[in-house]
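The values are calculated or read from the model by the stated rules, or taken from the named source; none is laboratory data. Remember, predicted model here, so these are calculated numbers, not experimental data. No Cβ is skipped: glycine too gets one built from the backbone with ideal geometry, and neighbour counts run over all protein chains shown.
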Amino acid sequence: MATGKIGVTTENIFPIIKKFLYSDHEIFLRELVSNAIDATQKIKTLSSFGDYKGELGDLKVVVSVDKNAGTLTVSDHGIGMDADDINKYINQIAFSGAEEFLAKYKDTANSIIGHFGLGFYSAFMVSKKVVIRSLSYKDGAKAVEWSCDGSPEFEMTEIEKAGRGTDIVLYIDDDNKDFLEQDRIDTLLKKYCRFLPVPVVSGKEKEWKDGKYVDTDKDNVVNASEPLWTKKPVDLTDEDYLKFYHELMPGNEDPMFWIHLNVDYPFTLTGILYFPKIRSNFDVQKNRIQLYCNQVYVTDQVEGVVPEFMTLMQGVIDSPDIPLNVSRSYLQADQQVKKISSYISKKVAEKLDKMFRDDRKSFEEKWDDIKIFIEYGMLTDEKFYESAKKFFLIKDVNSKYYTLDEYRILIEPEQTDKDETVVYLYSTDTVSQYTYIKACEDKGYNVLVMDGQLDSHIIGLIEQKIEKTRFVRVDSDIPERLIVKDNQDDAGLTPLQTDIMSTLIRSQIPEIEKTNFIVSFAALKESDAPATVTRNEFMRRMKEMAAMQPGAGFYGEMPDSYEIIINTNQPVVKQVVEDATTSLEKEVAPIRADIEILNNHIESLRKEASEKKESMPDISDKESKVTELRNTESEVISSYAKTQPKVKQIIDLALLQSNLLKGESLNEFIKRSISLL
Ligand code: ADP
Ligand code: MG
């Protein structure tokens, strides 16, 4: 028998392991099973090269618990270790450089863990004693037993062992008794080991007999699932991918499509990313990507490891280049991980680009469902935007899809305004905004549909990225003014007529809570509607943004602001203007004249005072006179307006068209319509 000291100069390594190594003690099992798998793969390799000539035998790895003895054992039939190997790999190697590291990272035990392959020693997180019993594959090798109780001292003796391979026996300590429960072990193995390449056996398969589950004599193999991502895409069918998806994500509906990643330079990375159908914000669940390291499950907390937008996807990523033994904060800061992340992003973009170029039609068919992923990527990842702008599609109201470049070429001739800005017209609801869309199309404009969850953000992004671009919602102005091509010609009303008509119209707009109306006039086509209600684009966006933030804020409290535009060329309006002018001119003109005289007077007093740098004389009597005259004027006009049902009808029609006519006003409108008939 030999005794010795494990090659660590610090006595304190074990407390560190116990305390800091992993917050999840359970991963010791992952470490031990993967060592067993490694040893098994090695013997297979040696055998295939003819360097091992013996029988391979049954290569399964067996995990077993013995509650009475208080042990958990991981057994393999791999290459095994002789005394020299144990010295080299267990006693020395695992802690090589420990001294140096401890000195350097005294306060940050976590970073030590990041740098060590502490795999085997993680067994001490849950054990009071660990025993290795091993027989090497080498000719004439002697079986050895190594044991250690968690102090840096170990014992090693020669023993008798029947078969090649290694048993690692853990004497589970009192705090960790749950690792002696078969169910707990089964669950852990399912989590960490289900895609390992060598059969891993845990207990026996069970069957239902005489009212309870009993063991059969068949081994319970935990990793019956195929790790599909390790295969070549050409060898796989859609069914294979779907079957695998449902194994990973039981209970989900079929994904839309998937991307099989297969990278071997500048690092090794494989994986399959599935694009699920996302119907609502509630569908967005993160942590649906599992990270593997050589088929060993590491984590599903991939934030910071894969690009943010990919957290909407589901699937697996496997890379031996992602450091395994580390905490998540460490992972996120790791430069290598950052590179991997941006590389994945690039690969996904390339794949989408290829899909777009290879079969545009089917890409367009999928577009409505996948655009949320692409938009999310463009919004959160600058580089992804750069590649995605080539295949990013926008859809018009006739369900035609365009790339950004194609669309610009399409609309540039008709939709460039006087400042050379290209105006993208869009609708967020093709049903309720139908008349506005129609009006735009009649003018030869194209209208986009922007009704996705992220579309309002994408609009902002495109306006910012593509110079001289502006998005305008179809109902934010009358078509003539959505795209201002030259300075507008006036509405053809005299100042007196404008005055009369503004008051006339304003007096007949129903009161709507938190809603303001501006009245304006435009000489549109005779066949256009007599009046149109539009909603200011800027105010609408501000309010929408405010609504998405908690506490609504300033813009959220602002009233909605609408503009009611009267078409002075429309025959009914023309008639209204004419009638109003004849009926009101006599009464209103003298009032207007008085107001003008008073205003001129006030103005000249002001000028004089400011030129002489004197204080202003008291003009309040003149000002109140003006107010009085204005009131009289508007009384005259509105009492006239009441005798003109057509005016109200014109306004109500416009309100109705934009969903603003409700309740009592709507009721009145219907009654009036009937009587006008
Ligand atoms: P790593 O697996 O990262 O090398 P570990 O601490 O897990 O680090 O294991 C250290 C070494 O011990 C392994 O590289 C291997 O040489 C040896 N070893 C551990 N477990 C076994 C086993 N079951 N069979 C053969 N060798 C093993
Ligand atoms: Mg290991």
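Remarks
- Residues of the range 493-536 that turn out to be under 30 Å from residue 455 (Cα atoms) and surrounded by fewer than 17 Cβ atoms within 10 Å (Cβ to Cβ), as a count: 5
- Candidate set: the range 17-46, residues that are modelled with pLDDT under 60 and of a type in the set (A, V, I, L, M, F, W, C); chosen: the one farthest from ligand 2 (Cβ to nearest atom): 20
- Selection within the range 132-160 - surrounded by fewer than 20 Cβ atoms within 10 Å (Cβ to Cβ) and within 13 Å of ligand 1 (Cβ to nearest atom): 138, 141
- Test: residue in the range 131-146 that is closer than 30 Å to residue 299 by Cα and not aliphatic (A, V, I, L, M): no
- Candidates 166, 270, 216, filtered to the one that is under 30 Å from the mean Cα position of the chain (by Cα) and assigned to a strand (DSSP E or B): 270
- Conditions (1) more than 60 Å from the chain's Cα centre (by Cα); (2) modelled with pLDDT under 90; (3) part of a helix (DSSP H, G or I); number of the one not met by residue 603: (1)
- Condition check for residue 602: of a type in the set (A, V, I, L, M) and surrounded by fewer than 18 Cβ atoms within 10 Å (Cβ to Cβ): yes
- Considering only residues in the range 50-75 that are in a loop (DSSP other than H, G, I, E, B) and aliphatic (A, V, I, L, M), the one that is nearest to ligand 2 (Cβ to nearest atom) turns out to be 59.
- The range 117-145: number of residues that are within 16 Å of ligand 2 (Cβ to nearest atom), at pLDDT 90 or above and within 30 Å of residue 50 (Cα to Cα): 2
- Residue in the range 300-315 that is closer than 15 Å to residue 194 by Cβ and outside any strand (DSSP E or B) present: yes
- Residue check for residue 341: part of a helix (DSSP H, G or I), among the hydroxyl-bearing types (Ser, Thr, Tyr) and under 18 Å from residue 273 (Cα atoms): yes
Let's see how each residue does on (1) at pLDDT 90 or above; (2) within 16 Å of ligand 2 (Cβ to nearest atom); (3) not acidic (Asp, Glu):
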position	(1), (2), (3)
48	no, no, yes
77	yes, no, yes
86	yes, yes, yes
91	no, yes, yes
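- Selection within the range 554-598 - hydrophobic (A, V, I, L, M, F, W, C) and either not in a helix (DSSP H, G or I) or not assigned by TED's automatic domain parsing to the domain that holds residue 646 (or both): 558, 564, 565, 566
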